[in-house]
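Reading through the structure tokens given below for one structure.
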């Protein structure tokens, strides 16, 4: 599968990524980079060993942490939780590159090698995630902020016997009187 553009990624997953990153004290750009490296932004992505979804978490791992990989939100949340655990693990020493290596190759291998293990896949994976994270940051910096729609002023439909040019105050007073049976 071809990876999503950052525009499509942001429209589909941006808010979920920011929310999950906030709950797990992660940099949203790193979480977005991880998703792009793992699945290209596709929730139906599957790996040979059995990991699936946006963050390619193993089903047993997700279940053990209490997440449902059946939804994109569950996939993002499970990946964010697992990455946060990788960062906090003593083998990572709080370093994001070691944590990403642990996410990819396991904590045991990071501990065994004292950092990024000498596996070809892992040595390519860590810089790829960090490159995608930087791309996402640049995309967000260029993107125009999305402003929520402004709320519309309340409209009052004139009653049959009410003049249509009444002002807001007069309309409210008119409807209040109607409701109270005074008018």
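Each value in this text was obtained by applying a stated rule to the coordinates, not by laboratory testing. What you see is a predicted model, and the numbers here were worked out from it, not measured in a lab. Every residue, glycine among them, receives a Cβ derived from its backbone with ideal geometry; neighbour counts consider all protein chains shown.
Evaluate the distance, in nm, between pseudo-label points positioned 7 Å from the Cα of residue 95 and of residue 142 along their respective Cα→Cβ axes. Here the modelled spin labels are 3.2 nm apart. Backbone N atoms of segment 1-39 closer than 19 Å to the 7 Å Cα→Cβ label point of residue 47 belong to residues 1-4, 30-39. Spin-label pair residue 23-residue 177: with each label point 7 Å from Cα along the Cα-Cβ axis, the two points sit 5.4 nm from one another. Across segment 3-150, the relative contact order, built from alpha-carbon pairs under 8 Å that are at least six residues apart, equals 22 percent. Measure off 7 Å from each Cα along the Cα-to-Cβ vector at residue 1 and residue 120, then give the distance between these two points in nanometres to one decimal. Placing both labels 7 Å beyond Cα along the Cβ direction yields 2.5 nm. Taking 1.002 mPa s as the viscosity and 20 °C as the temperature, the Stokes-Einstein diffusion coefficient of segment 6-142 based on its alpha-carbon Kirkwood radius rounds to 146 µm²/s.
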